[in-house]
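Heads up, the thing below is written out as structure tokens.
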Amino acid sequence: MGNELTLLLQKEFTGEITPAELARMQEILHQWPEGAKLAEELGVVWEETAAYTFPEPLESDKYFGQILQQISRETVPAPVIPIQRNIWWRAAAAILVLVVATFFWQQWSRNQAPTLLSLTNGSNDQQMIALPDGSTVWLRRGATISYPKQFNTQKNREVLLTGNAYFEVAHQPDHPFDVMLPQGEKIEVLGTEFSVNSLETDKSSSVLVKSGSVRFLPNAQQKGLVLTKGQKAVFDRQQSKVLVSNPVSMNELAWQRGGLEFVQTPLWQVIADLQNFYHVKIELSNAATRNCRYTAPLTRQPIEQVLQSLALIYKFDIRKTGEHQFLLSNGYCK
Amino acid sequence: MADSDERLWLLALLKDDERALRFIFDRYYPTLLQDAWRIIGDTDAARDLVQDVFVELWKKRHEIAVHTSLRAYLRKAVINRTLNYLKSHRRISWGLPDELQQLADTTDTDIYQKEQMESREARVRTAIESLPEKCRIVFSLSRFEQMSHKEIAEKLNISVKTIENQITKAMKVLREILMNYPDLSVIVIFLSLGQ
């Protein structure tokens, strides 16, 4: 009797009891009063067993790491990059956001499904990154660089860039270094140091070579254009035209070098550089002052101080016209 | 994980997005670990088995067909893998007729002798672990893996009657241990009264 009731009760607990069995169970309980106590106790036991749980701390991170290791051991030739613990969750606070992204990019072979590492500079300061081949990249804020995990083993060292970055490329003649831009432009590095500016929303991209030389290929159709030290190429995407110039100052690179330098620089250029570097708007109301020459060593002073030194030299009146806006009026060249 | 979330992560998995694996892992590792451990009783083995399931999930992501839910799919994978492991490594064979078909007395079970237990989890763990191994496995599959007696019988390739005998035995033993838990203070009183 006890055994039969026990089994029926268990089936009731799991929900698999049939109507006939339920009727039988009630019949037993009716005939056998002690059965009620058994039923109650078994109910308690059933509930209690819910506490049968894994007795150790889970340590998810550690064991996920092991899973990745096993995957990487077992799958060749596309290994899984160990995903750094908690990196994604610190996105808001981190200076460098490491995102493991896998996406099919038109330049890469579709069959390969390579795994790309992406690094984005989410901070306001420039960020310096070392590439696996020893090259250095300085990312301007908001810029993203991506490269495959097999960067060092591929014939061409290829990176993908959005935004503004400065490159110092390690010299490896057997492994050309290429920078791809999202809209299809490509920069083949022949020398060493250059800066690339490509914003997806921009109608243009630009390359400025500090030293060495690069070949700039705006798209597959156009022939490559070699740029050497001091040269700048601007590619107008809409018109599909490349304009080469020798810019007056290298201050376009100031953000990377950590400051601005002016050597007999005309004020119109100084203002442009200041605007770019400090993200402010400066208006020069006296047109005559546009060609005044200014010399100042490498500096990272706050914008107010820079403007004050200008005011001192050229007798400007400075007025702050907005949150990040200034007006320089009157004044004259020395 | 809501159904719609699950579909998204499955799609992401198919696009080779490793973040999907991490999300799925975070969501299901705790419960899958319970599933494996409740069957096998060994923490290291349980971890290895669940680990293998996630590795397989990644490796075979383009081949699997998840019809019901990811939870159900993964749980099934864990149970199968665990039972197969028991069969091959612990050489648990389910087909021995004499051992299982008889509804043996509870007296031949090594009923745990009392010791002061701190936590409910520890008490329950000890109680369940005092069951003979096959009995415990059958009990776990019924209690925790929501398998019916019929399903368990099919999975282990033995009769429903055998399963029901094991379940009955488990319930009896557990009741004996958990309900008749001798309290130290009661014994002390007993002794003093006997004086």
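Roughly speaking, what is the centre-to-centre gap between the range A:160-180 and the range A:202-219 when only Cα atoms are used, to the nearest Å?
First find each Cα centre; the distance between them is then 11 Å.
Just tell me which lysines come within less than 25 Å, Cα to Cα, of A:Lys229; anything on the same chain fewer than 8 places away is out.
List returned: A:Lys186, A:Lys203, A:Lys210, A:Lys241.
Roughly how many debye, to the nearest 20, is the charge dipole of the range A:256-330 about its Cα centre, given +1 on each Lys and Arg Cβ, -1 on each Asp and Glu Cβ, and no other charges?
Approximately 100 debye in magnitude.
Sorted by mean Cβ packing within 10 Å, highest first, what order do the peptides A:22-34, A:5-17 take?
Peptide ranking by packing, descending: A:5-17, A:22-34.
Let me confirm one metric for peptide B:154-167, namely the mean number of other chain beta-carbon atoms within 10 Å of its residues' beta-carbons.
Per residue, the number of nearby Cβ atoms from other chains is 1 on average.
Please report, to two decimal places, log10 I(q)/I(0) for the range A:256-330 at q = 0.11, 0.16, 0.19 Å⁻¹ as given by the Debye formula with identical point scatterers on the Cα atoms and no solvent.
Cα-only, vacuum Debye calculation for the range A:256-330: -0.23, -0.51, -0.73.
May I ask for the equivalent-ellipsoid semi-axes of the range A:2-51, computed as the square root of five times each C-alpha gyration tensor eigenvalue and listed largest first in whole Å?
Largest first, the range A:2-51 gives 18, 14, 7 Å.
Give the lysines reachable from B:Lys172 as a straight Cα distance under 22 Å; neighbours fewer than 8 places away on the same chain don't count.
A:Lys11, A:Lys37, B:Lys114, B:Lys134, B:Lys150, B:Lys161
Read-outs throughout are calculated quantities, based only on the coordinates presented, and are distinct from any laboratory measurement. Quick caveat, the model's predicted, so the values are computed rather than measured. FYI the Cβ positions are ideal-geometry reconstructions off the backbone, even for glycines, and counts take in every protein chain you see.
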